Each structure stands twice: as C-alpha cells, then as structure tokens.
Amino acid sequence: MHNRQYVGLAGKTERQAVYQQLLFVCLMIMKNLGILLSGRGSNFEAIADNVASGELDANLAVVISNKAEAPGIESAQRRGLKALVIPSKSRPREEHDREMVAALREHQVDLVCLAGYTRLLSPWFVQQYPNRILNIHPSLLPAFPGLDAQKQAFDYGVKVSGCTVHFVDADLDHGAIILQKVVPVLDTDDDHTLAARILEQEHIAYSEAIRIVLEGEYTIRGRRVVMLK
Ligand code: GRF
C-alpha cells in the first residue's frame, strides 16, 4: 500500500483515511445505549464488558445515576465512560425525568436500559421512548414484582425463580417480556444464595435482550414479543 496523501484528510495515508471512514460509518450504525442505575451496577458492568469485548454491537453513550453515592456510577467513571449524576431526592417525578430525558437526548441515546434504577418512571418519560426502554427484574414476572423479589419468591416457597427482561411501560415491572431465564430453587438455598444465582443469569440475559431489541427481528403482538427469525 502506497503512502499517498488522501485529498482533504491532511497528514493521513489512504489506508488510515479509509479506516477512519469505516470507523465513522460503524459508529453511525452502532446504536447508543443509555444506562440508568441507582446502586451497585453489576448489570451495567456486565453490559459494559460485553460492549468492550465486541459481544454486544452497541455504544455506551451515557450512564446516569439518580444517586451520587451509587457504586455503579464510580465504576462507569473508572471505565472512562460518560457518567452523570442527576439527583432525584425530593424532586417531583416528572421534573426529574425531564432532566434525565434531556441528558439522554444530548447523548443521542437510542435505547434506555434500566439497570437497578430504583425510581419509577413517569408516564411522560415512557412516552418519549416507546418500546425503547428496557428493565431487568430478578423474578419470573408477573410473579413477585417490586422490591426484594428474590426473597419474596424464596419465602413463597417456589421451586423455580429467575429473571425477566421486559419493555418498560408506565406500570411497575409490567411491560411486554423480551426474555426470561429460569433458576431452580435448591433445598440448600437461602434467599441470598438464590439471589446470587439469579444475578449470574441476569448478567447473561440483559445483553441477550439488548441484542434482540437492537437487531429488531421481533414484533409485539399484544403483550407478546415474538421473534421473526
Ligand atoms: C438487579 O437484581 C436487578 O434485577 C434489579 O435490581 C438489581 C440491580 O443490581 N432491578 P445491580 O445494581 O445491577 O448489581
């Protein structure tokens, strides 16, 4: 390959210029993810690892926490990602949501992923991203919505539990289900060991669900997310 200068891209060889253009095209095609979290951030980290390794063809455009002390936001900073704190305490829901959505738009987010985001979204927020907000919940919905789902399931005595990735609508843990992973409850379990095994599956399930949504080979019939391939 000759080291010819490429017209209009001063200082770059032709090969460098082609690579740069390819990178630009890839970034244009790659979808931007926006992660919302409030705490530990292990689901965010699993997604970020899959993006970094190329397993997940997406760009992590911004990570936003509503809590300054969330370990997940420190992790995002350590990874060199764009990390924002938009505190929600004592603020009216929609006012806070408008600031969140403004930040997501500023970072051209295509898909919003709730990853341990503990604040219910306002109907207004949900309307801004129709079928473009995902959540992960540590039970087989519709069983055990809400807080402490793993303990709720364990105390109820179920023999299987698991996790659910679903689209977000205006109701808590309610939107159409994209995928679920089943985790058996062992006689030797307590709620903590069960939660740990469910979390392992969450880390796999979330990226799988994101891939399904980004690839777009599905349709939604009523509450059913049906694959087209
Ligand atoms: C996970 O169990 C998730 O299912 C639920 O909140 C927890 C968040 O954990 N929505 P992490 O912050 O991702 O570690």
*Looking at the P(r) of the chain, how many percent of alpha-carbon pairs lie beyond 31 Å?*
28 percent
*Translational diffusion of region 122-229, µm² s⁻¹ [Kirkwood Rh, Cα pairs; Stokes-Einstein; 37 °C; 0.692 mPa s]*: 228 µm²/s
*So, how do all the Cα-to-Cα distances of region 175-229 break down into 10 Å bins, in percent, from 0 on up?*
21, 40, 25, 13, 0
*Of LYS31/LYS82; LYS67/LYS151; LYS67/LYS89, those spanning more than 19 Å from alpha-carbon to alpha-carbon*: LYS67/LYS151
*Given charges at beta-carbon only (K, R positive; D, E negative), |dipole| of the chain in Debye*: 760 debye
*Do the sum for the chain: with -39,500 (n - 2.57) for every DSSP H run of n ≥ 4, divided by all residues, what is the mean residue ellipticity at 222 nm, to the nearest 500 deg cm²/dmol?*
-12000 deg cm²/dmol
_ALA102-VAL182 pseudo-label distance in nm [points 7 Å out on the Cα-to-Cβ vector]_ = 4.8 nm
_Normalised contact order of the chain, rounded percent, pairs of Cα under 8 Å and 6 or more residues apart_ = 15 percent
*Helix by helix, which DSSP H runs in the chain go 18 Å or more along their axis at the Cα atoms and have an average Kyte-Doolittle hydropathy of -0.5 or more?*
14-29, 191-215
*Restricting to the chain, compute how many DSSP beta bridges are antiparallel as a %, nearest 5.*
45 percent
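Bear in mind these aren't lab numbers, they're just calculated from the coordinates by the rules spelled out. If you're wondering where the values come from, they're calculated on a predicted model, not measured in any experiment. A quick note on method: Cβ atoms are made from the backbone with ideal geometry, for glycine too, and the neighbour counts reach across all protein chains shown.
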